[in-house]
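See structure below.
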Amino acid sequence: MKTIAEIVKQTEFSNEDIIRLLSVTDPEEAAILQKAAYDRATQTVGNNVYYRGLIEFSNICTLDCRYCGIRKSNHNVPRYELDKNTIVEAAIWAAQNHYGSICLQSGERRDPKFINFVTDVLRTIHEKTVSPELPHGLGITLSLGEQTLEVYQQWAQASGNPIGLRYLLRFETSNPKLFDHLHNAPGREKGLERRYQALADLRQAGYQVGSGVMIGIPGQTLEDLCQDIRTFQKLDLDMIGMGPYITSDGADMLGEGMMEEKALMRLSLNMIATTRLVIPDINIAAATALHALEENGREKGILHGCNVIMPNITPRLVRKNYQLYANKPFIEQEPSDTNHYLQHSIQSTGREVALNVLGSSKHWKNR
Ligand code: SAM
């Protein structure tokens, strides 16, 4: 049998290799995997870590994803929607603080009022953030769920920034049975095929396309995670955002349990590192959920090959109501606290925060 040290030197990986990397628990093997992923990241996409200032502008959601704390059937969470000025101000704050990009995220809605609201917000953010440092305005990642091709096109046009336009839509798991179980709608509108179609539509509409999965979902196997990586390749993604599945009081899966935290952290880091080795030139975000499991969890993500971090710059007053899962971190911090803390902690990983740049995916640039 090949050793981990032999496998990580490869550039092509069999499913057996991938599963072997995902199952690492021995500390010496874990250190070899970590170093290989870190080196592959810095050699391929460089030493920079890019910021995406995360603005969670509404927790109103029309879906009922069973894992999620803001699903529509959770009546214990006060619903909010930030007004346009508040969102635009948060974006301007990000630009003034030299973030090259932001991410606008919310629950999923498809009503025309919402779609036009987002269009208006995008147009205004663009107008207000074009500057000599950011000649195209702030880079924007949208994370607003499944929409139609026409809506993606409308938003793309409003963003005014064809080179800094991205969309993040996780497929959550490539196992169709598990996907249906999570979305409580077997064979109905939330099927996995429809999610893949949405990702294809996003590509057609000109976005840098990001997707990802949750790691450690009850019932998920290492073979499933290996298949997830194969699906990242098949979809030819530009960026990946993935993190541990964490139970939420407001979700519908409490009875199904969650992996023990240390093992879940190990598996999540193995998944990040393995993905970096298999697809070296993509952007990989260090999910906030890593930090919910362990202090400095996101820094560990960077040490395992991530090159994007999403500081939460949602106004503090509403942040506690965007509780996707238990123990979600950074509920009390002001955006400015986050800045100082992060810059320092990223430097402690040996990498640098790149300011005033879009930080587009090399995979996308190479396309
Ligand atoms: N509505 C949009 C969508 O579904 O893509 C964006 C918001 S949704 C809350 C963003 C992501 O949160 C989902 O893709 C899911 O992976 C993650 N998430 C939700 N509940 C979670 C949980 N309990 N543990 C970990 N991640 C979770």
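Kindly indicate which of 108, 150 is within 30 Å of residue 194 (Cβ to Cβ) and either touching a Pro at 6+ places or on another chain (Cβ under 6 Å) or within 16 Å of the ligand (Cβ to nearest atom) (or both). After ruling out the rest, the residue left standing is 108.
Screening the stretch 123-147 for residues that are under 19 Å from residue 55 (Cβ atoms) and within 16 Å of the ligand (Cβ to nearest atom) and picking the one that is farthest from the chain's Cα centre (by Cα) gives 147.
Residues in the stretch 53-100 that are surrounded by fewer than 20 Cβ atoms within 10 Å (Cβ to Cβ), in contact with a strand residue (DSSP E or B) (Cβ under 7 Å, 6 or more places away or on another chain) and assigned to a loop (DSSP other than H, G, I, E, B): 60, 80. Contact annotation: residue pairs with Cβ atoms under 7 Å, 6 or more positions apart or on different chains, pairing a residue in the stretch 245-258 that is without any contact (Cβ under 8 Å) to a residue 12 or more places away in the chain with a partner that is near the ligand (Cβ under 10 Å from one of its atoms), are 254/247.
Considering 276, 316, 266, the condition of being farther than 23 Å from residue 342 by Cβ, touching a helix residue (DSSP H, G or I) at 6+ places or on another chain (Cβ under 9 Å) and of a type outside the set (S, T, N, Q) is satisfied by 266 alone.
Residue 153 - would you say it is surrounded by fewer than 20 Cβ atoms within 10 Å (Cβ to Cβ) and either of a type in the set (D, E, K, R) or not in a loop (DSSP other than H, G, I, E, B) (or both)? Show your work before the answer.
Working: surrounded by fewer than 20 Cβ atoms within 10 Å (Cβ to Cβ): yes; either of a type in the set (D, E, K, R) or not in a loop (DSSP other than H, G, I, E, B) (or both): yes.
Answer is yes for this residue.
Note on the stretch 312-332: residues that are surrounded by 16 or more Cβ atoms within 10 Å (Cβ to Cβ) and either without any contact (Cβ under 8 Å) to a residue 40 or more places away in the chain or not in a loop (DSSP other than H, G, I, E, B) (or both) total 3. The numbered conditions (1) outside any helix (DSSP H, G or I); (2) closer than 20 Å to residue 294 by Cβ; (3) at pLDDT below 90 are all true for residue 341 except (1). Total residues in the stretch 72-119 satisfying the condition of being among the hydroxyl-bearing types (Ser, Thr, Tyr) and in contact with a Ser or Thr (Cβ under 7 Å, 6 or more places away or on another chain): the figure is 3. Criterion applied to 184, 161 was being within 18 Å of residue 62 (Cα to Cα) and either more than 16 Å from the chain's Cα centre (by Cα) or among the aromatic types (Phe, Trp, Tyr) (or both), and the one residue passing it is 184.
The values are calculated or read from the model by the stated rules, or taken from the named source; none is laboratory data. Because the structure is a prediction, the values reported are computed rather than measured. Cβ: placed from backbone, ideal geometry, glycine included. Neighbour counts: every protein chain shown.
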